[in-house]
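Just so it is clear, none of the values below were taken in a lab; they were calculated from the coordinates. Here the structure is a predicted model, which means the values were calculated and not measured.
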Amino acid sequence: MMTLQDHTVLVLVDDLFFLSKIQTTLRHIGMSAQVLTSPQALGDYLRTATPALAVIDLTLRVAAAGELIGIIRAEPLARDVPILAFGPHVAADAQRQALQAGATQVVAKSEFSRHLPDLIRRYVQPQ
């Protein structure tokens, strides 16, 4: 049975600095994080819950961001989940690939860091 997790943000990030920043920001705006980094864990999660938003680091070390975006878009009940991806501003190819895979928005790490609460609020209404 699918449950709507309208207060949960799926966080696909393995950089501890950004992970901490995201989790702290989510707590401050009344949301929670579901942190996953493997394609298997992502698929399992999406069969039981629908997050309000997915945040993906394009420099994820344990899985290709494009593959993870593809898994989200392929899951029927999650295909409309907004996906916010971030990465180095010099990684134009990675940004383009993320958009082609189905990311809703791709921003540079610096913009992501500076505007994180506003970026999250653009896609979800905190509880």
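Subtracting the Cα-Cα distance from 0.36 nm times the residue separation, let me have the gained length for Asp118 to Thr25 in nm, one decimal. Can you show the working numbers first?
Numbers: separation 93, 0.36 × 93 = 33.48 nm, distance 1.02 nm.
Separation in residues times 0.36 nm, less the Cα-Cα distance, equals 32.5 nm.
Just checking the listed ones, Pro88, Pro51, Pro76: in the Gaussian network model of the chain with Cα springs under 10 Å, the one fluctuating most is Pro76. A cut-off of 5 Å between modelled amide H atoms, ignoring neighbours fewer than 5 places along the same chain, links Asp14 with Arg61.
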